[in-house]
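A short worksheet on the structure shown next.
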Amino acid sequence: MATAILATGLVLVGPPAATAEIPGFAEAANLADDFDRAPAKGLGSAAQGGRYVVEGGAVTVGGDATEGYAELRLNRPGSAVAARLPDVRTADQRLSAVIELPALPADGHGASVSLLLRQQGDGGYLATATVSPDGTVSLGVSRRSRGSETRIGTAADSGVRVAAGQRLALAAYVAGDQPVEVGIRVQPADRLPGRWLVRQDGDADRIRTAGAVGFRGYLARDSGPATVRLHRLAGAELSRSAAPAPGAAASGQVGALPVGAAAYPVPAGAIFVAPHGSDAADGSEAAPLGSLGRAIALAPAEATIVLRAGSYTEQIHVPSSKRLTIQPYPGEAVWLDGSAPLTHWTPAGTTWTAPLPAEFSSWASHTEGSNEGGFVNPRYPMAAHPDQVFVDGEPLVQVAAGTTPGPGQFAADYAADLIIIGTDPGGREVRASVLGRAVVVSGQVTLRGLGIRRYATSLPQMGTIYLGGSTGGSVLEQLVVEDNATQGISVGTGNVLIDRVTSRDNGMVGVHAAYADGLLIKDSLITGNNTEHFNAAPAAAGIKIGRSRGVTVTGSRLEGNLGVNGIWLDESVVGFTLARNTIRTDDGPTGIVAELSDTGVIAGNDISGPKEGITLYNTGRVVIANNLIRHTTVWDIGLTQDERRQATHPVGRDPRHPVPDPTCPWQLQDLTVINNVFAGETGGDNTGFQFYGLDKRTRVPLDAMNVTVDGNLFSAPGGLESERMAAWGGDDNETITVYRTPSALAAAKNPAWTNLITGSARPDAAELDRLAGSAVALPDAVAAALGVPAGTRLIGPPQA
């Protein structure tokens with residue numbers, strides 16, 4: 001029979017540990033036996049480890065002058081033969097052997113080989129490989145105590161198929177007591193080691209004290225005679241070693257280069273613009289135009305416009321007939337700046353006044369003429385007023401006209417046509433925003449390497465950079481978008497790429513999108529937004545996306561966005577991937593929320609600090625995989641829904657699709673939560689629930705939603721149980737059942753689930769590496785999002 005390692009099996013070969021067999025542990029060898037002594041009726045003594053004690057039958061030494069083996073002949077169905085080394089007595093121990101079955105079992109459930117750990121007078125732990133008549137090798141862990149054997153977790157197909165006489169490398173270890181961790185792995189002896197399959201024992205009967213080691217053969221009750229040979233036996237006592245903490249995988253640069261650092265090549269025929277140029281010039285490098293607007297007007301349908309160093313106080317429009325590239329001259333700093341200097345100041349008591357340079361709409365919604373929707377927090381009543389003043393580059397805080405500004409404040413008095421500031425402008429640069437938008441695109445643009453700042457964008461304008469029209473396909477690359485009044489970037493068309501963009505310190509949203517099918521945001525930095533303290537709902541966020549299909553946000557960092565969600569998919573987003581992002585917030589509602597949406601992957605994200613880590617709200621068919629979530633106060637992952645349904649609730653539908661829309665019914669269903677790390681805080685436990693699911697309005701029990709919770713690493717103060725591990729919702733909109741241990745959750749919901757628990761406040765990289773073999777093999781979509789092969793097993797985000 002041919003031998004294969006299946007992609008979906010346990011043995012997925014990874015790089016060997018650098019300093020030890022088991023990540024996170026150092027080793028001190030305490031056992032070695034090649035069985036190369038003269039053939040004898042008994043085992044005798046190991047080269048290192050002392051004399052064997054044999055139980056249940058005979059174990060003999062065989063072989064020749066070059067190689068020896070220990071042979072266990074299993075002749076009676078249901079019988080076992082074991083050998084122990086009582087002089088090797090440890091609590092934390094690794095044990096390995098090379099095993100061989102000269103002939104495969106002829107029938108029944110086959111023969112098994114167990115490595116014995118923490119052996120006491122009445123039992124111990126058994127890490128077992130079972131070989132079936134067809135060569136299938138399965139792995140399991142059990143505990144013998146008080147005359148009975150208890151299986152710990154479910155047995156697993158190792159992915160190995162063995163032929164008669166083929167040698168296998170079998171290894172196991174036991175460590176810790178809160179809970180007891182037992183690992184096992186097997187692979188053909190000529191292959192690199194694969195991942196450990198880990199099982200945990202947190203029961204009251206767990207064996208916590210040091211014990212002997214050994215090996216055992218067992219013949220199933222329905223199988224004929226079999227022979228097992230051990231060619232090498234080795235062991236080492238374990239002690240824990242330090243390892244770095246985990247995090248999302250590094251993917252190179254995140255956010256834009258500093259303005260002036262980009263160096264794009266200048267193509268032949270490019271149109272040049274310079275602050276000292278003239279709009280009457282021909283646009284050559286020797287005779288540049290004086291404005292970007294003039295260059296766009298003169299450019300052919302497909303052209304590159306190159307801007308020389310300096311600031312351009314312009315607002316531009318790329319018409320639907322053109323596909324343009326706009327970039328800086330290599331190595332030169334170029335800003336589109338929506339502000340102008342204020343120089344004519346008049347002292348007025350404790351304030352200073354200057355002529356008002358511009359007036360702007362202050363409607364507090366996305367609709368001109370409406371203040372409906374609750375966008376503005378009453379504690380920050382001037383949020384929707386886009387006027388901005390900067391002193392030496394630092395923004396002042398706006399107060400209402402008729403209020404005397406104090407230091408660090410300003411007022412825009414439209415009736416008196418004055419800007420009034422409470423900071424002495426003497427000897428300082430003072431600038432005020434004079435334009436509302438920077439860039440509006442109806443055609444297609446590649447805008448790269450620039451900075452765009454200080455535009456007084458009103459809420460109804462929907463973005464300092466607004467990409468619209470029907471053409472789509474625009475690219476924003478290596479841009480710095482900062483200090484604009486509301487939304488920094490807004491996308492309202494398809495197939496847009498936002499690549500290594502920094503959107504920071506904008507008044508409301510870093511990136512907004514709607515009707516933006518095919519949007520890809522990658523390797524971008526979204527930080528410090530919502531400086532005007534808009535309400536988190538209905539529309540403020542680091543990234544806010546609605547009514548779009550095929551959306552991806554990957555490799556990006558969102559941090560310090562004030563009091564808002566990190567990434568918010570809201571209203572009819574279908575087919576999304578949110579992967580390998582880092583989200584940091586100390587006051588935001590949710591790190592990632594998908595609301596009234598459907599069909600997606602949320603994978604490999606590193607989230608810390610929000611009230612809720614990841615929330616699905618009336619959203620179905622989502623895989624939440626391999627995320628690292630910590631420092632939450634409500635839940636790490638939460639599933640919740642209300643009475644809204646796409647077929648009956650008109651607000652939030654995508655009008656481009658039929659009603660009812662079967663692809664987006666706005667209902668929790670078919671949800672998979674796998675391989676996530678729920679990392680506790682000091683003491684190991686989270687303030688919020690680690691997993692939570694409850695329909696709070698329509699009485700649908702979580703059991704009816706087809707929810708899978710498998711391969712995750714939960715946390716607890718002692719590593720045994722947590723009062724807030726998993727909350728499972730009933731059918732009355734209120735009742736939850738709390739499962740405090742992975743075994744309790746599995747017993748109640750699915751015995752095949754293999755969640756684990758740790759006492760580590762934040763599991764380190766070595767622990768995650770060691771436990772990875774017990775993860776769920778990654779489905780294709782998750783593997784693609786994480787950039788690893790399908791079938792890979794890992795817990796938490798891929799390591800850098």
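The values are calculated or read from the model by the stated rules, or taken from the named source; none is laboratory data. The structure presented is a predicted model; accordingly, all values stated were derived computationally and were not measured. Note that each Cβ is placed from the backbone with ideal geometry, even for glycine, and that neighbours are counted across all protein chains shown.
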Check: Is it true that some residue in segment 374-391 is farther than 18 Å from residue 483 by Cα, crowded, with 20+ Cβ neighbours inside 10 Å and modelled with pLDDT of 95 or more?
Finding: yes
Check: Do we have any residue at all in segment 385-396 that's closer than 21 Å to residue 507 by Cα, outside the structural domain of residue 457 (by TED's automatic domain parsing), touching a residue at least 60 places away in the same chain (Cβ under 8 Å) and outside any loop (DSSP other than H, G, I, E, B)?
Finding: yes
Next item on the list: Could you check segment 732-800 for helices (runs of 4 or more DSSP H) lying wholly inside it with 1 or more residues that are in contact (Cβ under 8 Å) with a residue 40 or more places away in the chain and within 22 Å of residue 638 (Cα to Cα)?
Entry: 742-749, 780-786
Note to self: Checking the condition in contact with a Pro (Cβ under 6 Å, 6 or more places away or on another chain) and on the phi < 0 side of the Ramachandran plot, which residue from 542, 546, 591, 510 passes?
What the structure shows: 591
Margin query: Checking the structure you have, find out if any residue of segment 753-762 is at pLDDT 95 or above, within 20 Å of residue 581 (Cα to Cα), surrounded by 18 or more Cβ atoms within 10 Å (Cβ to Cβ) and under 17 Å from the mean Cα position of the chain (by Cα).
Written below: no
Next item on the list: Report yes if some residue within segment 279-291 is at pLDDT below 95, in contact with a helix residue (DSSP H, G or I) (Cβ under 7 Å, 6 or more places away or on another chain) and not assigned by TED's automatic domain parsing to the domain that holds residue 163; otherwise report no.
Entry: no
Next item on the list: Test each condition in (1) part of a strand (DSSP E or B); (2) in the same structural domain as residue 672 (by TED's automatic domain parsing); (3) under 22 Å from residue 375 (Cβ atoms) for residue 545 and report the one that comes out false.
Entry: (2)
Checklist line | Out of 535, 561, sole residue that is in a loop (DSSP other than H, G, I, E, B) and surrounded by fewer than 24 Cβ atoms within 10 Å (Cβ to Cβ) | finding: 535
Note to self: Residue under question is residue 657, and the condition is that it be farther than 21 Å from residue 768 by Cα and without any contact (Cβ under 8 Å) to a residue 24 or more places away in the chain; does it hold?
What the structure shows: no
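Yes or no, residue by residue, for (1) within 10 Å of the chain's Cα centre (by Cα); (2) closer than 24 Å to residue 704 by Cα; (3) among the small types (Gly, Ala, Ser):
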residue: 545; (1), (2), (3): no, no, no
residue: 550; (1), (2), (3): no, no, yes
residue: 553; (1), (2), (3): no, no, no
residue: 574; (1), (2), (3): no, yes, no
residue: 597; (1), (2), (3): no, yes, yes
residue: 602; (1), (2), (3): yes, yes, no
residue: 617; (1), (2), (3): no, yes, no
Notebook entry, point to check: With respect to residue 48, is the statement that it is out of contact with any Ser or Thr (no Cβ under 7 Å at 6 or more places or on another chain), crowded, with 23+ Cβ neighbours inside 10 Å and either of a type in the set (D, E, K, R) or closer than 20 Å to residue 170 by Cα (or both) true?
Noted result: no
Check: Between a first residue in segment 202-218 that is more than 28 Å from residue 109 (Cα to Cα) and a second residue that is part of a loop (DSSP other than H, G, I, E, B), which pairs have beta carbons less than 6 Å apart while being 6 or more apart in sequence or on different chains?
Finding: 202/179; 202/720; 202/741; 208/177; 210/91
Item checked: Hits in segment 46-56 (condition: in a loop (DSSP other than H, G, I, E, B) and either at negative phi or free of Cβ contacts under 8 Å to residues at least 12 places away in the same chain (or both)) -> 47, 52
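In segment 587-607, which residues are over 29 Å from residue 697 (Cα atoms) and surrounded by fewer than 24 Cβ atoms within 10 Å (Cβ to Cβ)?
606
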Notebook entry, point to check: From the list 325, 351, 367, which one is more than 30 Å from residue 267 (Cα to Cα), crowded, with 16+ Cβ neighbours inside 10 Å and either in contact (Cβ under 8 Å) with a residue 12 or more places away in the chain or not assigned by TED's automatic domain parsing to the domain that holds residue 307 (or both)?
Noted result: 351
Next item on the list: State yes or no: is residue 7 at pLDDT below 90, touching a helix residue (DSSP H, G or I) at 6+ places or on another chain (Cβ under 9 Å), in a loop (DSSP other than H, G, I, E, B) and not assigned by TED's automatic domain parsing to the domain that holds residue 199?
Entry: no
Note to self: Just to verify a result, which residue in segment 701-751, among those that are at positive phi and crowded, with 19+ Cβ neighbours inside 10 Å, is nearest to the chain's Cα centre (by Cα)?
What the structure shows: 711
Next item on the list: Can you confirm whether segment 689-700 contains a residue that is in the same structural domain as residue 640 (by TED's automatic domain parsing), surrounded by fewer than 24 Cβ atoms within 10 Å (Cβ to Cβ) and polar (S, T, N, Q)?
Entry: yes
Note to self: Out of the strands (runs of 3 or more DSSP E) lying entirely within segment 62-174, which hold 1 or more residues that are in contact with a strand residue (DSSP E or B) (Cβ under 8 Å, 6 or more places away or on another chain), modelled with pLDDT under 95 and within 20 Å of residue 770 (Cα to Cα)?
What the structure shows: 156-161
Notebook entry, point to check: Hey, does segment 483-494 have a residue that's in contact (Cβ under 8 Å) with a residue 60 or more places away in the chain, farther than 18 Å from residue 597 by Cα and part of a strand (DSSP E or B)?
Noted result: no
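Scan segment 52-60 and give yes if some residue there is within 48 Å of the chain's Cα centre (by Cα) and at pLDDT 95 or above, otherwise no. Working first, answer last.
Taking segment 52-60 first, the residues within 48 Å of the chain's Cα centre (by Cα) are none.
No, that holds for no residue.
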Check: Which one of these does residue 19 not meet: (1) of a type outside the set (A, V, I, L, M); (2) modelled with pLDDT under 50; (3) under 27 Å from the mean Cα position of the chain (by Cα)?
Finding: (3)
Note to self: Condition first: in contact with a Lys or Arg (Cβ under 9 Å, 6 or more places away or on another chain), under 19 Å from residue 500 (Cα atoms) and of a type outside the set (A, V, I, L, M). Now tell me which residues in segment 562-579 satisfy that.
What the structure shows: 566
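Yes/no matrix, rows are residues, columns are (1) modelled with pLDDT of 95 or more; (2) crowded, with 24+ Cβ neighbours inside 10 Å:
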| residue | (1), (2) |
| --- | --- |
| 585 | no, yes |
| 627 | yes, yes |
| 637 | yes, yes |
| 657 | yes, no |
Next item on the list: Name the strands (runs of 3 or more DSSP E) wholly inside segment 416-482 in which the number of residues that are more than 26 Å from residue 348 (Cα to Cα) and not assigned by TED's automatic domain parsing to the domain that holds residue 376 is 2 or more.
Entry: 439-441, 444-448, 451-453, 465-467, 475-477, 480-482
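Yes/no per residue for (1) touching a Gly at 6+ places or on another chain (Cβ under 7 Å); (2) in the same structural domain as residue 100 (by TED's automatic domain parsing); (3) over 21 Å from residue 135 (Cα atoms):
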| position | (1), (2), (3) |
| --- | --- |
| 147 | no, yes, yes |
| 150 | no, yes, yes |
| 155 | yes, yes, no |
| 161 | yes, yes, no |
| 165 | no, yes, no |
| 169 | no, yes, no |
| 184 | no, yes, no |
| 196 | yes, yes, no |
